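This report refers to the structure that appears directly beneath it.
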Amino acid sequence: MALKIGIRAHDLCEKQTPEALASRLDEHGFSYVQLVFNKALAPFSYDDAFVKQVAGALEAKKINVAMLGAYFNPVHSDPEVVKKGIENFKANLRIAHAFGHPYVGSETGSYNDSPWTYNPKNQTEEGYQQSKKAFVELARYAESIGQDITIEGAWGHVMYAPKVLKRLVDELNSPRVHVTLDLYNYLYEGNFEERDAIFEEACHLFKDQIKIIHLKDAKLVNGKLVQLAPGQGDFHYALMLETIKNECPNATLIFEGVKGDDIDTSYRYLESLISPK
């Protein structure tokens with residue numbers, strides 16, 4: 001089973017030159033990356049010359065950009081913050097062609113401005129409609145320039161369950177709208193034991209609309225949900241990989257929040273499941 005595995009660039013190294021970033025990715029054997037310009041690169045800009053420099057450095061090491069991260073909070077209390085988030089997302093859509101047309105992604109926001117955590121208002125129709133408004137604008141813009149977006153749900157955010165995100169994707173009704181799946185994001189202490197069913201539900205609902213899958217792990221420690229690197233927690237990765245193979249085999253798997261020595265350890269763990277000796 002051949003899988004495309006990558007990492008979020010700023011988990012590997014923060015604020016590097018394009019050449020240094022490409023070298024670090026190559027050292028760890030990654031052929032795919034999720035790239036957030038302002039977190040992974042320094043100094044950074046969206047100017048043509050700099051974008052070409054970044055694209056050239058990655059291409060020289062045969063590294064593909066799976067997704068440009070342009071995460072913002074569509075339901076932030078300050079309309080100017082929302083406006084700037086949308087503008088940054090559109091800027092990433094405009095440069096995507098330089099990287100072979102990767103997806104540009106965001107989550108769906110929380111009425112807790114920062115950090116984006118659970119707020120009862122998130123799970124209301126008002127929240128849904130306010131978040132949807134931003135993605136309608138982004139979907140139509142993506143259509144107009146021939147680029148693609150991906151949307152990520154989370155229990156603490158407005159699209160708090162796979163079925164709620166499915167409603168949004170269906171209502172956007174655009175061939176340019178796709179999905180990022182992060183099992184950890186859909187979990188909290190009250191549904192952790194349902195993690196397998198939640199993952200299978202999401203994969204079944206979206207199938208090949210899932211373009212990015214974030215790789216994390218977790219366990220309950222003293223009743224609290226704790227994020228861990230893949231292979232260190234209670235996620236059933238053998239089952240998850242089989243589900244991916246059956247439902248969304250073309251998705252790119254991205255380590256998120258995995259750092260230091262855990263990067264190589266988790267990589268070897270996944271390889272042992274994909275190609276057991």
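Coordinate-derived values only; no laboratory data. Worth saying up front: this structure is predicted, and the values here are computed from it rather than measured. Glycine also receives a Cβ, built like all others from the backbone with ideal geometry; neighbour counts cover every protein chain displayed.
Backbone amide hydrogens, once placed in the peptide plane, bring Ala42 within less than 5 Å of Gln16, Thr17, excluding anything fewer than 5 places away on its chain. Put in order of Cβ neighbour count within 10 Å, fewest first, the listed residues Lys166, Lys84 become Lys84, Lys166.
Among the listed values (i) 20.3, 80; (ii) 17.9, 50; (iii) 17.9, 55, the one computed from these coordinates for Rg and Dmax of the Cα atoms in Å is (iii). Counting only residues at least eight positions apart within a chain, or on another chain, the aspartates and glutamates with an alpha carbon under 14 Å from that of Lys245 are Glu200, Asp208. In the structure displayed, which of Lys15/Lys166; Lys163/Lys211; Lys83/Lys121; Lys166/Lys216; Lys163/Lys207 lie more than 24 Å apart, Cα to Cα? The pairs that break the limit, which is 24 Å between Cα atoms, are Lys15/Lys166.
Could you check what % of the DSSP bridge pairs in the chain are antiparallel, to the nearest 5?
15 percent
The stretch between Thr124 and Val221, if pulled fully straight at 0.36 nm per residue, gains 31.9 nm over its current Cα-Cα span.
Rounded to the nearest 500, the 222 nm mean residue ellipticity of the chain from helices alone is -13000 deg cm²/dmol, with -39,500 (n - 2.57) taken per DSSP H run of at least 4 residues.
For Thr150, nonlocal amide neighbours, meaning residues 5 or more places apart or on other chains whose placed amide H falls under 5 Å from its own, are Val104, Gly105, Ser106, His178. Here the average projected area of the convex hull drawn through the C-alpha atoms of the range 1-48 stands at 3.7 nm². Once you reduce the range 108-124 and the range 141-210 to the center of their Cα atoms, the two points are 16 Å from each other. Phi-derived couplings, Karplus 6.51 cos²θ - 1.76 cosθ + 1.60 at θ = phi - 60°, listed residue by residue for the range 77-86: 5, 9, x, 5, 5, 5, 4, 5, x, 5 Hz, with x used for Gly and Pro.
Near His28, once Lys and Arg are set to +1 and Asp and Glu to -1 for all other residues with Cβ below 14 Å from its Cβ, the sum equals -1. Shown for the range 120-171 is the translational diffusion coefficient from the Stokes-Einstein equation, using the Kirkwood radius over Cα pairs, a temperature of 37 °C and a viscosity of 0.692 mPa s: 287 µm²/s. Spin-label model, Ile274/Lys207: points 7 Å from Cα along the beta carbon direction are separated by 2.4 nm. Per-residue extension of 0.36 nm, minus the Cα-Cα distance of Glu143 and Asp48, leaves a gain of 32.0 nm for this segment. Local charge for Phe72 was computed over the other residues whose Cβ lies under 9 Å away, with Lys and Arg +1 and Asp and Glu -1, and equals 0.
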